[in-house]
């Protein structure tokens, strides 16, 4: 089971209405893009506490998100290197500035917070519930086939953990054949990416055939939602929290 799979539970985050959770993710995502470094740090701390209640600790996050964290580190150093300002370190005429350090930290932290918000949503919500929420949100929008969009979102959420599982299996298979000992990085990348792409397309083809065999149609009964009655005060607390982050920024 990956981090992006649904983790069964009876916590507050599991029992909230999926529409409420979608609204909270949108509110917090927009807020962290408008606030500064202190607000993002506080938001990150709150999200880490929530993840801890979901039995997802920092060690597991680092282990399963190491590629994403490596990308954030690269973004941080790029912003640190290219942003002009007061030099912190100068090597061979190349300066790393204080403004670049602050800018890189803020951008990387925003990416991390938004990713953790999505992770909490997918870990506490079944893909069918997310599909139903997408259909509900897009239903009033004209000229958009809300059922088709919801199906695409649901399938994408189903395929994310499947692709991660396939990537892990391919990596283990390549390492078992000493493919990780190749000195050519391009060859190592090809040896891992080609089988992964093949397995992913095969899974998509099998899913398409299964849906056709079951006479799948977009004309289906509208989904039902089951609120737990706590959505109102959760949204209110989130609005207060977002306002506090904006004022702090």
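In this structure, is residue 63 over 17 Å from the mean Cα position of the chain (by Cα), closer than 24 Å to residue 125 by Cβ and in the same structural domain as residue 233 (by TED's automatic domain parsing)? When the stated conditions are applied, residue 63 does not pass them. Taking helices (runs of 4 or more DSSP H) as the structural unit, those lying wholly within the range 85-176 and holding at least 2 residues that are closer than 28 Å to residue 66 by Cα and outside the structural domain of residue 29 (by TED's automatic domain parsing) correspond to 146-176. Can you spot a residue in the range 17-34 that is farther than 28 Å from residue 231 by Cβ, touching a residue at least 40 places away in the same chain (Cβ under 8 Å), surrounded by 13 or more Cβ atoms within 10 Å (Cβ to Cβ) and within 16 Å of the chain's Cα centre (by Cα)? No, because not a single residue in the range 17-34 is farther than 28 Å from residue 231 by Cβ, touching a residue at least 40 places away in the same chain (Cβ under 8 Å), surrounded by 13 or more Cβ atoms within 10 Å (Cβ to Cβ) and within 16 Å of the chain's Cα centre (by Cα).
The values are calculated or read from the model by the stated rules, or taken from the named source; none is laboratory data. Since the structure is predicted, the reported quantities are computational estimates derived from the model, not experimental observations. Positions of Cβ are backbone-derived with ideal geometry, glycine not excepted, and every protein chain shown enters the neighbour counts.
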